[in-house]
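S.K.: Have a look at the structure that comes next, please.
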Amino acid sequence: MTIVVSAALVVWITGIWYNRLVFPCSIICFRGKEGTVAKTYPGVILRVPEGSLADELGLAAGDKILTINDMPLRDIIDVSFAMADEEIELLVEHIDGTQECIAFDKDYDEELGAEFESAVFDGIRACANHCYFCFVDMIAPHMRRSLSVKDDDYRLSFLYGNFVTLTNMGEADYARIARLHLSPLYVSVQCTNPVLRAEILRCSWAGDILGQLARLEEAGVEYHTQVVLCAGLNDGEELERTIRDITARRPHALSLAIVPVGLTKHRTDPFPLVQFDRDGAARVIDQVEPWQEKMRAEEGRTFIYLADEFYFLAGREVPPAAMYDGFPQLDNGIGLTRSFIGEWDAAKESGAACGARLAVVSGTAVAPVLAAKAREVDPLEQNIFVLPVENRHFGAMVNVSGLLIGADIAAALREMSQAVDGVLIPASALREGEDVFLDDMPLDALRAEFPALRIEPVATGADYYAALSDWAHYHRTRASGGYTWQSNAGYTKPVAGNR
């Protein structure tokens, strides 16, 4: 691409040589090496941390990065690979519409530091399936629009562990995955019976899941897998078949998570689904445990993991930490409870006690675990009151803390009979990077309704212990919520468990 400019100013700032070329123009596409026209999508900057390379280059919130070294951009994956060079030319469009080319030298592993509004610049690839159990289809009306986005984007799978069905993958996608070695990915398998999978996903070409996994393997890609288990549908013999097929795909297959279907009161899909009861959950555990023992005997790791809900439903204790092999699917609700307990135990000091009177808000599923930990610092149950909140918005069957809305929490606090000094709420109930609940109620609004109470979020077991043992000094700062490029193909976005 050739750009004509009238002047260049060479500046030295904090050890970085760079050229600033300012010109009014509009770049939508350019001609690549093979002569084909490629479209570029701007990466919109959300935040520029003080002292970062982006700050030193004069970038600001609202600026758009159009190209890097003439490379078109679609997502922060492209940003990462383009920024791996040591000589960089950024084409930036400022808020006023002017475009500027900034040329500079950097170290190979030096990070740009800018946070982007979205991880993908060309739009999230949506899921066209209508699975029997799709939770997005069960979202209540008049909720935040982002909650209704059904993503099925392999890039978000690579970046943040989102599960994808692989049903909208094309040759170009497999080629890019291979070229950039986007591994590991996270795949929603559901079952390996091709006829049943096509039926469950309501997608006629969804049955070739094993062939699609083979395509990933040919590209050298590893992957984690998931089964959303539905009673009477893909459990029993079908689950046995799925486990057998996925375990046979090791070492490319890294893990298999089995999670129970979640149903809200807003589900309208005509296909009949029921949630697992105590006996059904126990049968799933009893079916999977021999496979877990087999895997540990063969290669020293469990490989197959059950969601915490199965143990809660069956009235059984969650497995010890060693059974989770470092928690490879923690963000999928696999081992969150055991991880939380481990963080608490690591932070706990002998003889600690709680002096403040506190209410602990939680979903109904994990409330007994939080109460048990509270008894360790308040054995007489005089100061800490665990408040299991029924999810009136989604329905009582939805029992995790991460899906509590602000209105339900506020209602529970109004009905609380105990007099307390403060309230702990699950950080997972707040939007990532922002103090806003799923129903768009700001945390400040909840605090304003209860001005006599100090309300603080808790994310980890260490947070929980710190709050109970030293309430006077406890405060948790929320992460920014922006999408950030990091060197060496590392990507970050703050993630909190959904427990």
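S.K.: Apply the Karplus parameterisation 6.51 cos²θ - 1.76 cosθ + 1.60, with θ equal to phi minus 60°, to every residue of region 260-274 and state each ³J(HN,Hα) to the nearest whole Hz, in sequence, with x for glycine and proline.
M.R.: x, 4, x, 10, 9, 6, 9, 5, 10, 4, x, 5, x, 10, 10
S.K.: Step by step: find N for region 135-334, compute 2.2 N^0.38 Å, then divide the Cα radius of gyration by it. What's the final number?
M.R.: My calculation over the Cα atoms of region 135-334 gives 1.02.
S.K.: Of the DSSP beta bridges with both residues in region 347-469, give the percent that are antiparallel, rounding to the nearest 5.
M.R.: Percentage antiparallel, nearest 5: 10.
S.K.: Go through (i) 0.97; (ii) 1.00; (iii) 1.07 and flag the label whose value is the computed Rg/Rh (Cα atoms, Kirkwood Rh) for this structure.
M.R.: (ii)
S.K.: Between beta-carbons, use under 12 Å as the cut-off and find the net charge around residue 93, counting Lys and Arg +1, Asp and Glu -1.
M.R.: Residues close to residue 93 contribute a combined charge of -2.
S.K.: Return the inverse of the average 1/r over all pairs of distinct C-alpha atoms in region 347-469, which is the Kirkwood hydrodynamic radius, in Å to one decimal.
M.R.: One over the average 1/r among Cα pairs gives 14.5 Å for region 347-469.
S.K.: Can you work out the Karplus-derived ³J(HN,Hα) for every residue in region 122-134? Use 6.51 cos²θ - 1.76 cosθ + 1.60 with θ = phi - 60°, whole Hz, and x for glycine or proline.
M.R.: So the Karplus estimates, Gly and Pro as x, are 9, x, 5, 6, 8, 8, 9, 6, 10, 4, 3, 10, 4 Hz.
S.K.: For residue 67, list long-range residues whose amide hydrogen, built 1.01 Å from N in the peptide plane, is under 5 Å from its own amide hydrogen.
M.R.: For residue 67, the qualifying residues are 91.
S.K.: Name the long-range amide H neighbours of residue 455: under 5 Å, sequence gap of 5 or more, or other chain; modelled H, no Pro or chain starts.
M.R.: Excluding prolines and chain starts, which carry no amide H, the hits are 423.
S.K.: Which whole-Hz couplings ³J(HN,Hα) result when phi for each residue of region 300-310 is put into the Karplus expression 6.51 cos²θ - 1.76 cosθ + 1.60, θ = phi - 60°, listed in order with x for Gly and Pro?
M.R.: x, 9, 6, 6, 9, 10, 9, 4, 4, 4, 4
S.K.: Another one. What net charge is computed for the residues neighbouring residue 80, neighbours being all others with C-beta under 13 Å from the C-beta of residue 80, Lys and Arg scored +1, Asp and Glu -1?
M.R.: Spelling it out: positives minus negatives among the neighbours equals -4.
S.K.: Could I ask something else about it? Once whole DSSP H runs in the chain are found, which of them have Cα atoms spread over 30 Å or more along the helix axis and a mean Kyte-Doolittle score of at least -0.5?
M.R.: Length and hydropathy pass: none found.
S.K.: Summing +1 for each Lys or Arg and -1 for each Asp or Glu, what net charge is found among the other residues whose Cβ lies under 10 Å from the Cβ of residue 227?
M.R.: -2
S.K.: Near the amide H of residue 254, under 5 Å away, which other amide H atoms are found, from residues 5 or more places off or on another chain, if H is placed in the peptide plane?
M.R.: Amide H neighbours of residue 254, under 5 Å, 5+ apart: 223, 224, 225.
Where a number appears in this text, it was derived from the coordinates with a stated rule and is not lab data. Please read these numbers as outputs of a predicted model, since none were measured by experiment. Ideal geometry is used to build each Cβ from the backbone, glycine not excepted, and the neighbour counts take in all protein chains shown.
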